[in-house]
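In what follows, a structure is listed as structure tokens, so that the remarks can point back to it.
The values are calculated or read from the model by the stated rules, or taken from the named source; none is laboratory data. Not measured: the values here are computed from a predicted model. Here Cβ is always computed from backbone atoms with ideal geometry, including for glycine, and neighbour counts include all displayed protein chains.
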């Protein structure tokens, strides 16, 4: 079977899956978690292809740390389509970080550090994370960051909760207010990491909580779909920017943070300045220890 036929079969499979799930649980119970990125844009058009005339809301969390072009893209969609909704968090980004803590290294690292602050180094989760192992493991604390699990490290509050307060909480409040309990999320198992185990239907007990229609698809299939149906994406995905991913700009969890900031400096220097302001305590620490950011970088900002 050639690739074109395989792609068409997978498209029909996804359209059929969308129709069957929405029919079974009722359109009025769903909303699409819309980020403005590539995956959620593909999902938006897939749903319109599967269910012409559907009234499922596309809900965007306007966190204050979205790329300006992403926000413009969503605003343009909202102006033309009443199904698009923009939510605001209860606290601005800087106040949220000051109150709850800053992301550092990874969600796992930040979560374990919070456990350490509450329960101490004798906690098993903390112990397993920071104790040196004979072979490297992805979930082991990097050696350069083990100093954070000591009483001397008391000048930066770390947390993995910013996404919870800036994105998940507004979505949950929207869900509660509208009665739309099932989130449609553009998660792809092919992305790897925590998403590698993604399934189409995510239950809590017997209740369906999330529908992941993109779970089994690949980046190659997504490219095919975008090209074949001329799906318009945010301009960040096109030259000269050529973004592969968007998400929260300047997020300290980003593995290639230095490259991201350099790209911002080239094309959107005001947004680079915003990142330096919002994430300053983490960036300062990254530079101090030479982790993810250049230690001696001289930053020229507008």
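Couple of notes before you dig in:
- Any chance residue 287 is over 22 Å from the mean Cα position of the chain (by Cα), free of Cβ contacts under 8 Å to residues at least 60 places away in the same chain, surrounded by 15 or more Cβ atoms within 10 Å (Cβ to Cβ) and in a helix (DSSP H, G or I): yes
This table checks each residue for (1) modelled with pLDDT of 95 or more; (2) under 25 Å from residue 150 (Cα atoms); (3) outside the structural domain of residue 286 (by TED's automatic domain parsing).
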site: 58; (1), (2), (3): yes, no, yes
site: 64; (1), (2), (3): no, no, yes
site: 67; (1), (2), (3): yes, no, yes
site: 71; (1), (2), (3): yes, no, yes
site: 75; (1), (2), (3): yes, no, yes
site: 87; (1), (2), (3): yes, no, yes
site: 116; (1), (2), (3): yes, yes, yes
site: 123; (1), (2), (3): no, yes, yes
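- Filtering segment 249-262 to residues that are surrounded by fewer than 18 Cβ atoms within 10 Å (Cβ to Cβ) and not in a loop (DSSP other than H, G, I, E, B) leaves 258, 259, 262.
- Hits in segment 49-72 (condition: part of a helix (DSSP H, G or I) and more than 25 Å from residue 22 (Cβ to Cβ)): 68, 69, 70, 71, 72
- Answer residue from segment 86-104, given it is out of contact with any helix residue (DSSP H, G or I) (no Cβ under 9 Å at 6 or more places or on another chain) and assigned to a helix (DSSP H, G or I) and is nearest to residue 293 (Cα to Cα) among those: 98
- If the condition is being without any contact (Cβ under 8 Å) to a residue 24 or more places away in the chain and not in a helix (DSSP H, G or I), then segment 26-48 contributes only 26.
- Test result for residue 294, surrounded by fewer than 19 Cβ atoms within 10 Å (Cβ to Cβ) and assigned to a helix (DSSP H, G or I): no
- Among the candidates 246, 197, the residue that is surrounded by 14 or more Cβ atoms within 10 Å (Cβ to Cβ) and either under 18 Å from the mean Cα position of the chain (by Cα) or modelled with pLDDT of 95 or more (or both) is uniquely 246.
- Unique match (being at pLDDT 95 or above and exposed (fewer than 14 other Cβ atoms within 10 Å of the Cβ)) among 39, 81: 81
- Tallying residues that are out of contact with any strand residue (DSSP E or B) (no Cβ under 8 Å at 6 or more places or on another chain) and under 23 Å from residue 40 (Cβ atoms) within segment 91-105 yields 2.
- Comparison of 69, 114 shows that the only residue that is out of contact with any helix residue (DSSP H, G or I) (no Cβ under 8 Å at 6 or more places or on another chain) and in contact (Cβ under 8 Å) with a residue 12 or more places away in the chain is 114.
- Filtering segment 110-123 to residues that are out of contact with any strand residue (DSSP E or B) (no Cβ under 6 Å at 6 or more places or on another chain) and either closer than 30 Å to residue 45 by Cα or buried (at least 20 other Cβ atoms within 10 Å of the Cβ) (or both) leaves 112, 116.
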